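See structure below.
Read-outs: derived from the displayed coordinates by stated rules, not from any lab. Just so we're clear, the structure is a prediction, and the values are computed from it rather than from any experiment. So basically every Cβ, Gly included, is an ideal-geometry build from the backbone, and we count neighbours across all protein chains shown.
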Amino acid sequence: MPKIESVDHLTEYRRQIRAQRDPKQQQVLVCSGPGCLPLGSTEVAQAFQEEMQAKGLQGKVILKSTGCHGLCAHGVRVLLRPQEIAYEKVTPEDVPEVVETSLIGGKVVERLVYQDPVSGQTAVHKSEVPFYQGQKPLVLRKLDEIDPESLDDYLVVGGYRTMRKVLFKMSPEEVIDAVERSGLRGRGGAGFLTGRKWRLCRQVPGEMKFVICNGDEGDPGAFMDRAVMEGDPHAIIEGMIVGGYAIGAHQGYIYVRHEYPLAVKRLTQAVAQAREFGLLGNNILRSGFDFDIKISQGSGAFVCGEETALIASIEGNIGEPMPRPPYPAQKGLFGMPTVINNVETWANVPEIINMGAEWFAALGTEKSKGTKVFSLVGAVNHTGLVEVPMGTTLRQIIFELGGGIPGGREFKAVQTGGPSGGCIPKQFLDLPVDYDSLQEVGSIMGSGGMIVMDTTSCMVDVARYFISFLFEESCGKCTPCREGLRQLLNILNDITSGEGKEEHISLMEEICTTMASASLCGLGQSAANPVLTTLKYFRAEYEAHIRDKKCPALVCRPLLTYTIDPEACTACLACVRECPVGAISGPKKEAQRIDQDICIKCGRCHDVCQFEAIKVE
Amino acid sequence: MMDVERLETILTQYEGYPQDLIPILQDIQDQYHYLPKDELKVVAQRLNVPLTKVYSVATFYKMFSLVPKGRHELRVCLGTTCHLKGGQRLLESVSSHLGIEPGYTTADMQFSLETVGCLGSCAQAPVMMVDDKYYARMTIDKVTKVLKLYKE
């Protein structure tokens with residue numbers, strides 16, 4: 001890669017690589033996103049490489065491993081461009097047929113295209129798949145198109161154009177104005193207006209300022225930031241350069257969780273490329289503006305997603321939050337004014353400046369502008385990443401894009417906002433999703449996790465799960481959070497194991513109120529949400545556990561009884577081998593029996609039984 | 001005996017500021033699979049931070065370990081989606097197959113078992129990882145097969 005010295009040089013280089021590329025050339029784009037990677041996308045890409053070589057197609061067909069294609073449920077996904085043919089559930093064994101039929105024969109492999117689970121109708125092209133209809137991808141737009149490891153790919157689709165415009169044609173005030181007018185709010189949790197945060201930081205006097213990208217996506221069930229860091233790392237870098245210029249910072253930090261090794265690798269690589277190319281460093285494109293980025297890796301602490309804890313962690317300390325004010329915009333990293341935004345927020349910035357604040361502000365609702373990426377997971381047919389305009393209803397997201405609940409089961413609740421969010425019941429399915437509407441029903445936007453639950457989920461168990469997660473992750477600095485979580489967990493453990501008492505409910509409500517008002521940071525202040533929303537909307541389930549010692553969803557194991565249906569048992573002995581306490585026995589080649597005195601109700605017999613012979617009550 | 005040279009190759013990559021502490025500990029953890037006591041003392045001296053501070057950081061963050069880890073690191077995801085899809089039962093099964101509780105290492109130093117808040121592959125829950133490899137849509141009957149791949 002050449003070192004780019006000036007604006008003209010960048011324009012010329014972009015023109016050159018564009019001229020080398022033929023938009024009509026056949027491309028095979030294999031998804032290597034967070035959903036497809038565990039399903040073996042590396043092996044699929046490898047199979048394409050080998051098969052194409054064997055058929056003499058190298059050089060004629062371009063093969064790329066790209067970021068997330070969205071519909072993870074049907075991975076491994078492969079997109080053929082320019083035809084836009086979307087193949088699903090591709091395995092290495094399918095590859096020879098795809099190469100032969102589609103790449104050589106120009107036809108469609110019908111068995112690998114989308115099929116509607118209800119109507120059976122098929123869709124060959126990406127735009128015809130219901131999951132993609134109704135989406136408005138801005139942040140995810142380039143993910144299924146570019147090779148995240150190639151700076152050239154990013155440049156071809158117009159990358160670093162915004163940076164050029166900002167450095168040469170806009171003053172820092174104009175940039176901040178644009179971001180403020182766009183109405184962009186932080187995509188990481190609290191939803192603070194990004195432009196206002198930048199302005200605050202710019203106004204604080206000081207020679208040395210910092211920008212930080214919060215890539216410590218700790219909310220369980222959320223993986224949109226991982227997808228963007230792995231799939232479009234340069235968009236984050238470009239957003240940060242723009243932000244650095246606007247507030248007057250010359251150093252940026254990207255803080256990434258170490259649980260995302262590929263994101264760490266891709267970002268490190270992208271920063272090195274940008275530096276080598278002259279898009280980071282001193283006097284970028286001779287604009288007189290200096291800016292560089294360091295990658296900082298998290299070490300496995302959820303609380304570091306909180307901005308003051310994250311700053312402490314970059315400084316080399318334990319991740320304990322600090323009281324605010326002073327806000328990081330006034331006194332942040334190393335005591336200097338600091339703007340900290342999350343991954344999705346930064347990735348929105350280039351497009352806002354490029355397309356204009358008004359264009360962005362025209363999307364979404366009155367107080368929540370633009371689009372939002374949600375990770376749609378749990379009990380829903382089309383699990384994956386969706387990006388929709390703010391204000392899209394839960395019903396549209398879950399039933400139209402998400403394809404409804406599997407197995408014909410009934411929708412029970414959707415959990416949004418991670419451990420600080422709440423469980424939203426059926427009566428709010430027509431709620432237009434934005435920051436304020438979610439808050440009104442007791443949940444939050446958070447980073448955009450959306451976990452759908454059906455009748456097989458126990459809401460008391462869900463509350464217990466989140467409290468136990470937060471109890472583990474509480475840093476322990478302030479008493480309300482540390483002790484409040486411990487007591488909530490004890491009570492919920494009692495309730496889910498049949499030891500619940502009537503007075504537990506009011507006691508939990510009292511602890512929740514105290515934690516919300518007296519905790520130091522967002523983690524503790526919002527920790528009560530999962531308990532409060534489930535108590536509010538699913539109180540009958542708590543009462544069933546406490547009064548009748550029953551778990552209606554058959555989840556809380558101490559309240560269940562496992563028996564073997566002698567009619568269905570084939571005496572395969574799989575359960576006998578799996579049982580950790582030897583509670584299952586019986587005569588050879590006959591139905592087995594569970595000794596209730598020995599059974600510890602671990603449920604593993606139920607999981608291994610292939611014949612549905614283990615009955616749960 | 002401490003391998004001075006091995007530690008020096010890590011330390012020379014840093015300028016020796018207090019904020020280098022966490023990246024240095026990460027490098028040591030990555031290469032040694034734990035944080036040996038003698039090495040920590042050298043790190044404290046070199047960065048001019050109290051040893052207590054080094055220990056406070058080393059015990060606060062989940063990725064650091066003060067005892068040696070096994071040859072293979074097994075991480076079972078307990079994120080929300082994995083929890084709903086049976087992650088806890090998967091963990092119990094792995095734990096009983098290996099004969100160790102989460103947070104521990106087998107006596108033959110082959111496997112360490114850990115839990116993780118979320119691996120970000122929620123669409124394929126429940127998920128577990130062995131070293132750098134993901135195992136998607138895990139079921140209990142697959143546990144033996146997966147573990148076999150890594151047993152000597």
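Some notes on this structure:
- When DSSP beta bridges are restricted to pairs lying wholly in the stretch B:37-152, around 55% turn out antiparallel.
- Projecting label points 7 angstrom from Cα along Cα→Cβ for A:Arg196 and B:Arg71 puts them 5.8 nm apart.
- The A:Gln25 and A:Gln115 beta-carbon pair, evaluated with R₀ = 35 Å, returns a calculated FRET efficiency of approximately 0.75.
- Radius ratio Rg over Rh of the stretch A:371-454, counting only Cα atoms, Kirkwood formula for Rh: 0.91
- Point-to-point label distance, A:Thr42-A:Val7, nm (Cα→Cβ direction, 7 Å offset): 4.4
- Divided by 2.2 N^0.38 Å, where N counts the residues, the Cα radius of gyration of the stretch B:72-150 comes to 0.97.
- Counting Cβ atoms of other protein chains within 10 Å of each Cβ in A:30-42 and taking the mean gives 4.
- Within the stretch A:1-40: backbone nitrogen closer than 13 Å to the A:Glu276 label point (7 Å, Cα to C-beta): A:1-4
- Per-peptide average of other Cβ atoms within 10 Å, ordering B:115-126, B:12-23, A:456-467, A:605-616 highest first: B:115-126, A:456-467, A:605-616, B:12-23
- Stretching A:Arg15 away from A:Lys536 to a fully extended chain increases their span by 181.6 nm, per 0.36 nm per residue minus the current alpha-carbon distance.
- Label-point gap, in nm, between A:Gln269 and A:Gln58 - each point 7 angstrom along Cα→Cβ: 1.9
- Shielding score for A:307-317, defined as the mean number of other chain Cβ atoms within 10 Å: 3
- For the stretch B:7-152, the square roots of the Cα gyration tensor eigenvalues, ordered a ≥ b ≥ c, give a/c of at least 1.5 with a/b greater than b/c, which places it in the prolate category.
- Counting DSSP beta bridges with both ends in the stretch A:247-386, the antiparallel % (nearest 5): 45
- Full extension of the chain between A:Glu173 and A:Glu590 yields a length gain of 142.1 nm, computed as 0.36 nm times the residue separation minus the alpha carbon distance.
- Divided by 2.2 N^0.38 Å, where N counts the residues, the Cα radius of gyration of the stretch A:314-473 comes to 1.19.
- Bridges between two residues of the stretch A:22-128, per DSSP, are antiparallel at a rate of about 60%.
- Over chain B, DSSP H runs of length four or greater, each weighted -39,500 (n - 2.57), average out per residue to a 222 nm ellipticity of -12500 deg cm²/dmol.
- The loop-placed GluC sites (Glu not before Pro) in the stretch A:149-257, going by DSSP, that have at most 12 neighbouring Cβ atoms within 10 Å of their Cβ come out as A:Glu207.
- In plain terms, the C-alpha convex hull of the stretch A:459-547 casts an average shadow of 4.8 nm² when viewed from every direction.
- Average partner coverage of A:318-329, which counts Cβ from other chains inside 10 Å: 1
- With 30 Å as the limit on Cα-Cα distance, the pairs of A:Lys372/A:Lys501; A:Lys426/B:Lys62; A:Lys477/B:Lys85; A:Lys412/A:Lys615; A:Lys589/B:Lys142; B:Lys85/B:Lys151 that go past it are A:Lys372/A:Lys501; A:Lys426/B:Lys62; A:Lys477/B:Lys85.
- Here is what passes the span test in chain A: the DSSP H helices with alpha carbon length of 18 Å or more along the helix axis and a Kyte-Doolittle mean of 0.5 or above are A:233-247, A:459-473, A:504-518.
- Global form of chain A, assessed from the alpha-carbon gyration tensor, a/c cut-off 1.5: oblate
- Length added when fully stretched, A:Ala361-A:Thr101, from 0.36 nm per residue minus Cα-Cα: 89.1 nm
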